[in-house]
Each structure stands twice: as structure tokens, then as C-alpha cells.
Amino acid sequence: MPIGPAIDELHFTQEPDVDTVPGPRSEELLDRQSAVDTNAVAYPRRVPVALDEAKGATIRDVDGNTFLDFFAGIGVLNVGHSNPYVLEGVHEQLD
């Protein structure tokens, strides 16, 4: 009897899946960002990807590359991105 959601609900199922880094769309967005960015940033400047979405311990960039997220501890601690149990608690509080 499963206790929680299936693993593919917590993470992207094809991780890691990387073609070209940085991809063309990431390069375009990172160039735009560097033109307008301030020196007071709280993220690594040398990560050559423009992130599109995150799920669990995985992230996907705008070029469709999927990575294991080794930065996740900074913002989401040990629960991962979009953790269904955390989201359920948040929705209960908001309702």
C-alpha cells in the first residue's frame, strides 16, 4: 500500500537529461539578464542555465535540459520544489 505520491509526482522522471549547456534560449536570456542585472544578487552568476521550472530535487531549464538540483537546499530545504505535502498545508492555511 503506497503511503505517499509516486516518485514521478515528486520529481521529473527523466532526470538528468542534458543536451547542450548552455542551450540557445538560456544563452539569450542570460545575456539579457547580464545587461540589466545589479551587483547585489543572491544567486550564483556562473550557472549557465536559465531555469524554467522545478519539481522535487530536479530543475528544468528553458532549453528542456533536466538537472538534479544541488542548489535546492538554499530555498526549499529538504522537502524539494513543489512538495505535495507542503502545498497541501499551504492550501489549507490559505483556505
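The values are calculated or read from the model by the stated rules, or taken from the named source; none is laboratory data. Bear in mind the structure is a predicted one, so any value in this text is a computation, not a measurement. FYI the Cβ positions are ideal-geometry reconstructions off the backbone, even for glycines, and counts take in every protein chain you see.
Among residues belonging to segment 48-87 that are among the β-branched types (Val, Ile, Thr) and in contact with a helix residue (DSSP H, G or I) (Cβ under 7 Å, 6 or more places away or on another chain), point out the one that is modelled with the highest pLDDT. Reasoning before the result, please.
Keep residues of segment 48-87 that are among the β-branched types (Val, Ile, Thr), which gives 49, 58-59, 62, 66, 74, 76, 79, 86.
Okay, now just the ones that are also in contact with a helix residue (DSSP H, G or I) (Cβ under 7 Å, 6 or more places away or on another chain), so 49, 62, 79.
Details: Val49: 85, Val62: 94, Val79: 71.
Restricting to residues being among the β-branched types (Val, Ile, Thr) and in contact with a helix residue (DSSP H, G or I) (Cβ under 7 Å, 6 or more places away or on another chain), the top hit is Val62.
Looking only at residues in segment 9-39 that are of a type in the set (Asp, Glu) and part of a helix (DSSP H, G or I), the one that is surrounded by the most Cβ atoms within 10 Å (Cβ to Cβ) is Glu27. A Cβ distance below 6 Å, combined with a sequence gap of six or more or placement on separate chains, defines the contacts here; from segment 79-95, residues that are in contact (Cβ under 8 Å) with a residue 40 or more places away in the chain reach no residue that is charged (D, E, K, R) and assigned to a helix (DSSP H, G or I).
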